1. Need at least 1 residues that are open to solvent by 10 Å² or more (accessible area, probe 1.4 Å), over 26 Å from residue 265 (Cβ atoms) and free of Cβ contacts under 8 Å to residues at least 40 places away in the same chain per element, so show me which helices (runs of 4 or more DSSP H) inside the range 177-255 make the cut, counting only ones lying wholly within it.
2. Testing residue 355 on (1) touching a residue at least 60 places away in the same chain (Cβ under 8 Å); (2) in contact with a Gly (Cβ under 7 Å, 6 or more places away or on another chain); (3) more than 16 Å from residue 94 (Cα to Cα), one condition comes back false. Which one is that?
3. Which numbered condition trips up residue 364, out of (1) open to solvent by 60 Å² or more (accessible area, probe 1.4 Å); (2) assigned to a loop (DSSP other than H, G, I, E, B); (3) in contact with a Pro (Cβ under 9 Å, 6 or more places away or on another chain)?
4. Which one is nearest to residue 334 (Cα to Cα) among residues in the range 384-413 that are at pLDDT below 90, part of a loop (DSSP other than H, G, I, E, B) and open to solvent by 50 Å² or more (accessible area, probe 1.4 Å)?
5. Confirm whether residue 160 is modelled with pLDDT of 90 or more and either under 22 Å from residue 104 (Cα atoms) or buried (at least 24 other Cβ atoms within 10 Å of the Cβ) (or both).
6. Restricting to the range 154-176, give me the number of residues that are in a helix (DSSP H, G or I) and basic (Lys, Arg).
7. Just the residues that are open to solvent by less than 20 Å² (accessible area, probe 1.4 Å), assigned to a helix (DSSP H, G or I) and either among the acidic types (Asp, Glu) or at pLDDT 90 or above (or both), please, taken from the range 106-153.
8. Looking only at the range 374-397, count how many residues are over 24 Å from the mean Cα position of the chain (by Cα) and of a type in the set (Ser, Thr, Tyr).
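The values are calculated or read from the model by the stated rules, or taken from the named source; none is laboratory data. Bear in mind that the values here come from a model prediction, so they are computed numbers and not experimental data. Glycine also receives a Cβ, built like all others from the backbone with ideal geometry; neighbour counts cover every protein chain displayed. What goes into the accessible areas is simple: the full protein's heavy atoms, side chains included, and nothing from ligands, DNA or RNA. Shrake-Rupley method; radii C 1.70, N 1.55, O 1.52, S 1.80 Å.
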Amino acid sequence: MSLDNSITTEGNPSCRRLSNVSASRADLFGGPNVLVPPKHLMASSDAAEIAMEMEMAKQHLEDESSSAEASPRAGSPVTTPLIPASTTTTDEFALAFDIDGVLIRGGQPIPAAIDALKYINGANPYGIKVPYIFVTNGGGKTEEERCIDLSRQLELEVSPGQFICGHTPMREMAAKYNTVLVVGGEGEKCRVVAEGYGFKDVVTPGDIIKTRHDTTPFRKLTEEEYRNSRVRDFSKIQIEAVFVFADSRDWAGDQQIILDVLMSKNGRLDERSETFDEGPPIFFSHNDVVWSTSHEHSRIGMGAFELTTIAFGKPQLGTFEFATRLLRQWRKDTHSIDKPPQTVYFVGDTPESDIRGTNEFNEISEATWFSILVKTGVYQEGTIPRYPPKKTCETVLDAVKFAIDRELTQKPTPSGNGAVRN
């Protein structure tokens with residue numbers, strides 16, 4: 001592990017700065033942490049302040065969920081020798097970004113993305129920083145792992161607190177369900193995610209196949225899968241819920257197992273329901289039918305395979321509610337205002353999830369959620385989106401320039417709470 005220094009603020013636990021080159025997932029457990037490109041280990045970039053503040057805000061939200069407090073707790077702004085107190089950050093508006101097709105495509109940064117992140121971290125004509133978070137339907141990894149990936153890709157300081165994956169809100173269901181089947185992703189990663197969320201007894205398709213090989217006649221476990229899977233006595237196990245955390249790497253086998261559980265009697269694999277309606281509920285981390293990769297055509301996602309389910313992720317409103325709570329906590333920590341920013345600009349590439357979810361949540365949210373569609377991902381030039389955005393831009397850089405210009409030149413200046421923090 002490469003560790004620069006631990007930063008402690010009054011009333012807050014230590015916040016560690018870890019190299020994004022040498023840090024592993026295990027290093028990030030027990031946070032709060034910020035992933036840092038090696039060139040910024042000794043001297044923070046402009047992105048450090050917001051990354052640390054969001055990490056602390058998410059830590060406070062997690063503390064709150066395990067206590068009886070009814071509203072977000074107050075924290076102390078992050079000010080350290082590495083982060084001067086003279087930085088200027090607005091609290092009136094914020095930005096939320098999808099990742100695939102907006103910032104990253106095929107594992108590589110979209111060129112405009114690096115400039116866009118610099119722009120909102122102070123390299124703009126107004127000399128301000130804008131708070132921002134990442135809201136992605138991508139899953140199958142912990143938020144910590146996604147943080148490592150994005151920090152490396154964008155060469156930017158990023159914290160797990162800035163990440164909301166499609167399955168992030170599922171952590172709040174760990175107290176309700178004890179034994180769960182978790183599906184999707186690579187190897188054991190989804191089991192690790194689920195256990196990290198607090199689920200006490202996690203079953204994977206590999207466990208079921210290792211216990212009974214003929215469950216999936218055409219799927220054989222690899223040596224690594226076999227080694228990591230666990231033989232279980234399913235005659236004594238009741239699966240209480242099914243969670244699809246990420247796109248499956250073997251839909252044929254995983255769908256067979258999902259159907260076996262759903263058609264069981266009360267989640268017992270050795271008992272088949274006569275009515276086929278006595279099985280446990282199933283939850284999907286998102287319902288995207290397509291998503292953007294390096295391929296010239298969009299690829300299908302788990303939404304193409306859904307049964308009758310309960311879904312999280314975009315466009316489901318729960319993900320946007322979670323994002324609003326995080327931004328509200330950040331604003332209370334840094335500005336002592338117990339409300340979310342007045343406007344949140346969501347930048348996405350998929351009308352059916354990003355734009356639809358933003359527009360529908362805006363109808364019920366105490367904050368204004370403003371949808372911006374970019375042309376670097378799923379959306380195809382010349383088509384008419386089924387769910388029209390409030391603004392369409394060529395790239396994410398154009399989107400953030402529009403948002404900041406709209407706030408600072410086109411809208412009336414609010415009074416009473418100050419638009420920026422010095």
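1. Here the list reads 189-197, 223-228.
2. (1)
3. Exception for residue 364: condition (3).
4. Restricting attention to the range 384-413, the residues satisfying the condition of being at pLDDT below 90 are 384-386, 409-413.
Then drop every residue that is not part of a loop (DSSP other than H, G, I, E, B), which leaves 384-386, 411-413.
Right, trim to open to solvent by 50 Å² or more (accessible area, probe 1.4 Å) and you get 384, 386, 411-413.
Values: 384: 41, 386: 38, 411: 23, 412: 23, 413: 20 Å.
Checking each candidate, the answer is 413.
5. Working: modelled with pLDDT of 90 or more: no; either under 22 Å from residue 104 (Cα atoms) or buried (at least 24 other Cβ atoms within 10 Å of the Cβ) (or both): yes.
When the stated conditions are applied, residue 160 does not pass them.
6. Narrowing the range 154-176 to residues in a helix (DSSP H, G or I): 154, 160-162, 168-173.
Subset that is basic (Lys, Arg): 171.
Residues meeting the conditions: 1.
7. 112, 113, 116, 117, 120, 143, listed by residue number.
8. Number satisfying all stated conditions: 1.
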